[in-house]
Amino acid sequence: MPAFNLQHPTAGLLALLSVLVPVAIYLWNRRPGRVVQIGSLRWLETAANRRLRSLKPEGLLLLLVRAATLGLLALALAEPGWLGQVPPRRGQILLSPAASAEAVSSLRPTLDSLLRQGYQLRELRPGLPLVAPDSQNSKLTGRSAPGPGSAQASVGHLTPENVWAQVQQAADSFPNRPLVVVAPLALRNFRGTRPMLPASVTWRPTPATPDSVVQVAAAWQPRPDSLLVLLAHSTETGTTFRRVRLGRPSAGLLPRLLPAPSEVRYVAANAQPVLQVTGPAQTATIPVQTTRPRFWISADAPHAAEARVWKAALRAAGSVAPVTPEIILSSSLPTSADSVAGCSGCKTARYQRSCNSGCGRACGYGRKPRPPERP
């Protein structure tokens, strides 16, 4: 129902007091005195007293016109206005897409109470889309849980939204309205400078889920009927590795190794099999090693004891490796190698030539040490 409102009621009230002026004038307006035929002073005083006692307004219509004119002037100074039906200022619940169903379930009593009070449910993403009332329950209960590493699982992940910018947009779109933000307080979701948000913004953080990443670290195929995949699981506390041994690999999709929606495919192309890891944002290629790693230790007779220590250390490290390496101890150099590493203490001419020709610049072997300078 429309309501009547005065913008300046004080000014109108003061102007309305001016109506008292014509009223006072009319009340003090006296009737003309009667003519006294007898020239007695006593009769004149008596007639004057009667005129004072018979004060009554004359020209009542003129009085009403003047009073109405002053009243309209006072009403104009008060600036009246008609207020239409004001829509209720409904609060807004901003639900982040990064909040999982398990995290939102702990806040369901609070959210249901706000919805019964008339709050509207919106998604915290560009545009702030409104969730229909018949879809609110499914929106709160049917959300996909990120789980360990699903949002950023495997190789590549989607770029997170900036919560600061989205909450600022909501505060500008719904001024003077209560805003309830339901979002995880992950640092990657808050970028840039914190904006000046109004006091009507209330945060309802969801329980934090540990940030984790699961990806394929390496793959081996020591035999044609066996495939060994090394998975790396990184969390906030550290990184752990797990071996997954599969049966005879065939071209195509492998069994579930990574959380959805990532997929791992085995591709045998050009006699060099690879694993194609398809993530939410990109695809990575992991080469499959078909041969055992080989370590060649070459040492002369004076350094045979040191070579045996190297062999024992490599054998101990290889015992826990996914594929046991092959260790060869010999006094000769290999004909070909993928990489070359120098050994300190190479004093023979053969080792000096080897270090100077290849790795001497990198490791510094084969050069005489500089004597210390005297003070």
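The values are calculated or read from the model by the stated rules, or taken from the named source; none is laboratory data. Please read these numbers as outputs of a predicted model, since none were measured by experiment. FYI the Cβ positions are ideal-geometry reconstructions off the backbone, even for glycines, and counts take in every protein chain you see.
Restricting segment 1-32 to residues that are of a type outside the set (D, E, K, R), in contact with a helix residue (DSSP H, G or I) (Cβ under 6 Å, 6 or more places away or on another chain) and farther than 13 Å from LEU77 by Cα, the residue that is modelled with the lowest pLDDT is TYR26. Looking across ARG245, ARG194, one residue alone is part of a loop (DSSP other than H, G, I, E, B) and either under 30 Å from ILE93 (Cβ atoms) or not hydroxyl-bearing (Ser, Thr, Tyr) (or both). It is ARG194.
Picking from residues in segment 186-228 that are among the basic types (Lys, Arg) and under 18 Å from the mean Cα position of the chain (by Cα), the one that is farthest from ALA98 (Cα to Cα) is ARG194. Pairs meeting the criteria (first residue in segment 169-189 and on the phi > 0 side of the Ramachandran plot, second residue exposed (fewer than 13 other Cβ atoms within 10 Å of the Cβ) and among the hydroxyl-bearing types (Ser, Thr, Tyr), beta carbons under 9 Å, at least 6 apart or on different chains) are lacking.
Do we find a residue being assigned to a strand (DSSP E or B), of a type in the set (Asp, Glu) and modelled with pLDDT of 80 or more anywhere in segment 169-188? Within segment 169-188 (the criterion being assigned to a strand (DSSP E or B), of a type in the set (Asp, Glu) and modelled with pLDDT of 80 or more), the answer is no, since none of the residues qualifies.
When each of ALA312, ALA269, ALA317, ALA301 is tested for being surrounded by fewer than 17 Cβ atoms within 10 Å (Cβ to Cβ), assigned by TED's automatic domain parsing to the domain that holds ARG248 and either out of contact with any helix residue (DSSP H, G or I) (no Cβ under 8 Å at 6 or more places or on another chain) or more than 18 Å from ARG223 (Cβ to Cβ) (or both), the lone residue that passes is ALA269.
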